[in-house]
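Here the structure comes first, spelled out in structure tokens, and everything after it is commentary.
The values are calculated or read from the model by the stated rules, or taken from the named source; none is laboratory data. Please read these numbers as outputs of a predicted model, since none were measured by experiment. All Cβ positions, even for glycine, are placed from backbone atoms using ideal geometry, and neighbour counts span all protein chains on display.
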Amino acid sequence: MRKLFFIIMLLPTMAKAQFSKDLVKLSKIMQGHYSSELQSKTDTTFFDIRLKILPIWSERKDAIWMYVEQAMSGKEDKPYRQRVYRLTETSKGNFESAVYTLKSPLRFVGNLEMVNKLTPDSLVLREGCAVLLKKVGRKKYLGATEYRKCSSDLRNATYATSEVTLTSRLLASWDRGYDANDKQVWGAIKSGYLFRKQKKK
């Protein structure tokens, strides 16, 4: 009887321990409001972009899910990119951020409550476009897509790549598209965008 009581008492703790501390830590570092304003002021080849990464579906135990909006400054009501990320830990210190698109995405702009009413089966997985992240410091992660795995037809591209560096205050993201001859056809040329996390108001 005592053994059964002990197991029952442990159940809530076991449910909360579904995710490792490392996975939860990474998700907390990723989440927030970001801006590339400072970079755009020092280098005019970069735009002032606003990026939001917000937690959704907190009750799910299969992964940590996040909703993403990316828009030009002053046009936050019309983001040019909306995604859902599915963050999992593949092995100790290694993580995968799978990327999903939404159907009719503009109806979700600024409406996290509406996003929370969705289910994963209503999303479309971008096959081969997951960013594979590796922990390289106490609060630093490096990541990238796998070579030629993420297909893209934007501006005559054949495939796209993403490279990411993440710290507690900075998200560096370099997205590029290439044609069948590995010639870059879209994306920043010199380096990626530097998104600085904004302080909570």
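Structure values in brief
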{"item": "Residues of region 39-62 classified as part of a strand (DSSP E or B) and loosely packed, with under 13 Cβ neighbours inside 10 Å, total", "result": "0"}
{"item": "Subset of region 87-103 that is within 18 Å of Thr165 (Cα to Cα) and not acidic (Asp, Glu) - its residue that is farthest from the chain's Cα centre (by Cα)", "result": "Gly93"}
{"item": "Residue tally, condition touching a helix residue (DSSP H, G or I) at 6+ places or on another chain (Cβ under 6 Å) and either over 21 Å from Lys78 (Cβ atoms) or outside any helix (DSSP H, G or I) (or both), over region 103-117", "result": "0"}
{"item": "Filtered residues of region 58-78 (kept if more than 17 Å from Leu125 (Cα to Cα), of a type outside the set (Gly, Ala, Ser) and more than 15 Å from the chain's Cα centre (by Cα))", "result": "Glu59, Arg60, Lys61, Met72, Lys75, Glu76, Asp77, Lys78"}
{"item": "Which listed residue is surrounded by 14 or more Cβ atoms within 10 Å (Cβ to Cβ), touching a residue at least 12 places away in the same chain (Cβ under 8 Å), touching a helix residue (DSSP H, G or I) at 6+ places or on another chain (Cβ under 9 Å) and not aliphatic (A, V, I, L, M), from Ser168, Ser173, Ser97", "result": "Ser97"}
{"item": "Those residues of region 132-165 which are surrounded by fewer than 18 Cβ atoms within 10 Å (Cβ to Cβ), on the phi < 0 side of the Ramachandran plot and outside any strand (DSSP E or B), in sequence order", "result": "Arg138, Lys139, Glu146, Tyr147, Lys149, Asp153, Leu154, Thr158"}
{"item": "Filter pass, Lys134 being among the basic types (Lys, Arg) and in contact with a Ser or Thr (Cβ under 8 Å, 6 or more places away or on another chain)", "result": "no"}
{"item": "Ala144 vs. criteria among the small types (Gly, Ala, Ser) and without any contact (Cβ under 8 Å) to a residue 24 or more places away in the chain", "result": "yes"}
{"item": "Residues satisfying the stated conditions in region 63-91, i.e. more than 15 Å from Met30 (Cβ to Cβ), surrounded by 15 or more Cβ atoms within 10 Å (Cβ to Cβ), touching a residue at least 24 places away in the same chain (Cβ under 8 Å) and not polar (S, T, N, Q)", "result": "Pro79"}
{"item": "Of all residues making up region 20-38, the number that are more than 30 Å from Thr88 (Cα to Cα) and either part of a loop (DSSP other than H, G, I, E, B) or among the acidic types (Asp, Glu) (or both)", "result": "1"}
{"item": "Test result for Tyr178, at pLDDT 95 or above, more than 19 Å from the chain's Cα centre (by Cα), of a type outside the set (A, V, I, L, M) and crowded, with 18+ Cβ neighbours inside 10 Å", "result": "yes"}
